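Working notes for the structure below.
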Amino acid sequence: MSSLSAGRLLNHDDIEEALDALVALDPRLVPVRATAGPLPLRHLPAGFAGLAFVIVSQMVSRAAATAIWRRMEADDATDADRLAQSSTEDHRAWGLSRAKAASLTTAATACLDGCLDLEALAAAPAEEAFAALTALRGIGPWTAEVYLLLGLGHADIFPAGDVALQAAAQHALGLESRPKGADFVELAKAWAPRRSVAARLLWAHYARIVKTPLNAIPTP
């Protein structure tokens, strides 16, 4: 059984198989796929470092997130133990906002205390993992969904709050305005159970229209 059959996108074959199914569901995406070219895997590791990178990426450009992450890496500050003990001075040096620093230390403490078991969540159904993640202060739907999609490889996740996805969908589908909120969630239902690869395809489309390299994602 392929990993896609098990509800996960873990390799390039899974992505291509899911894309075939997606464009069969919505032929409007055929030209989007054709111009996007092969999609990069963009896989984050399952575990604290992967989740921490997604938290760092909240509400900033990929370039800004990467710069912050590199400073944290240089200070050996991407694991739960180090972050749980980090100081305000550390946060300033890395370029973290107060909100992000609080989210990271909360997640780190939860992992160390056993309140958040990321190893168990890696094998849990998406709904269960989403609920456990969003129960933590500072981890909202976008953070949980991106971690489930890129970190755990779930095949039917769609971060409808992602502004790049909204812009890409507007451009790709010829919509009058960016789809947002419940409207975007409803629109994406047509792509179930292949919503994760739809997100990947739209991210690639966004990267093409704004001429940004899609592969610019560090490996925690």
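The set of residues in the range 101-147 that are closer than 26 Å to Leu41 by Cβ and either among the charged types (D, E, K, R) or in the same structural domain as Gly181 (by TED's automatic domain parsing) (or both) comprises Asp117, Glu119, Glu127, Glu128, Glu145.
Name the one entry in Arg194, Arg200 that is in the same structural domain as Glu17 (by TED's automatic domain parsing), at pLDDT 95 or above and within 18 Å of Pro141 (Cα to Cα). Let's see the steps before the verdict.
Numbers: Arg194 fails: within 18 Å of Pro141 (Cα to Cα).
Exactly one of Arg194, Arg200 is in the same structural domain as Glu17 (by TED's automatic domain parsing), at pLDDT 95 or above and within 18 Å of Pro141 (Cα to Cα), namely Arg200.
Against the numbered list (1) touching a helix residue (DSSP H, G or I) at 6+ places or on another chain (Cβ under 8 Å); (2) in contact (Cβ under 8 Å) with a residue 40 or more places away in the chain, Asp76 comes up short only at (2). Under the condition of being within 11 Å of the chain's Cα centre (by Cα), more than 18 Å from Ser61 (Cα to Cα) and touching a residue at least 60 places away in the same chain (Cβ under 8 Å), the residues counted in the range 150-176 number 4. Just one of the numbered conditions (1) of a type in the set (A, V, I, L, M); (2) within 23 Å of His91 (Cβ to Cβ); (3) out of contact with any Ser or Thr (no Cβ under 7 Å at 6 or more places or on another chain) is not true of Leu39: (2).
The values are calculated or read from the model by the stated rules, or taken from the named source; none is laboratory data. Owing to the predicted nature of the structure, the values given are computational and were not obtained by experimental measurement. Because the Cβ atoms are built from the backbone with ideal geometry, glycine has one as well, and the counts that use them run over all protein chains shown.
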